[in-house]
Amino acid sequence: MKIDLGLAAMILNPMVCACLIGGILLKLDVFVLIAIGVVGYGTWGVLHAINYKHQRDLLEQAAREK
């Protein structure tokens, strides 16, 4: 089973934003919202970086094959 990291990163970013906005509207504890933001956006950043590196490696490999 292959996971598309680009798609996961695209879905995770608005999902974290929606969780944070929902938490603000529901008046959740500020520290909980900070933890959600740090973990969510940290995970998004890692997925985005891995996907960028993977795409760059694929482009370099395709250029070498030509």
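The values are calculated or read from the model by the stated rules, or taken from the named source; none is laboratory data. In this text the structure is predicted, and so the values were computed from the model without any measurement. Cβ sites come from the backbone with ideal geometry, for glycine too, and all protein chains shown count toward neighbours. These area figures cover heavy atoms from the full protein model, side chains too; ligands, DNA and RNA do not enter into them. Shrake-Rupley method; radii C 1.70, N 1.55, O 1.52, S 1.80 Å.
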- prompt: Would a scan of segment 47-62 turn up a residue that is out of contact with any Cys (no Cβ under 9 Å at 6 or more places or on another chain) and more than 21 Å from Lys2 (Cβ to Cβ)?
  reply: no
- request: Considering only segment 5-32, state which residues are of a type outside the set (A, V, I, L, M, F, W, C), part of a helix (DSSP H, G or I) and free of Cβ contacts under 8 Å to residues at least 40 places away in the same chain.
  value: Asn13, Pro14, Gly22, Gly23
- prompt: Looking only at segment 1-30, which residues are in contact with a Phe, Trp or Tyr (Cβ under 8 Å, 6 or more places away or on another chain) and at pLDDT 85 or above?
  reply: Leu12, Asn13, Val16
Complete set of residues in segment 15-33 that are under 10 Å from Trp44 (Cβ atoms) and open to solvent by 60 Å² or more (accessible area, probe 1.4 Å): Met15
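I need the full set of residues from segment 39-66 which are of a type in the set (A, V, I, L, M) and either open to solvent by 100 Å² or more (accessible area, probe 1.4 Å) or under 8 Å from the mean Cα position of the chain (by Cα) (or both), in order please.
Applying the first criterion (of a type in the set (A, V, I, L, M)) to segment 39-66 yields 39, 46-47, 49-50, 58-59, 62-63.
Val46, Leu47, Leu59 - these are the residues of segment 39-66 that are of a type in the set (A, V, I, L, M) and either open to solvent by 100 Å² or more (accessible area, probe 1.4 Å) or under 8 Å from the mean Cα position of the chain (by Cα) (or both).
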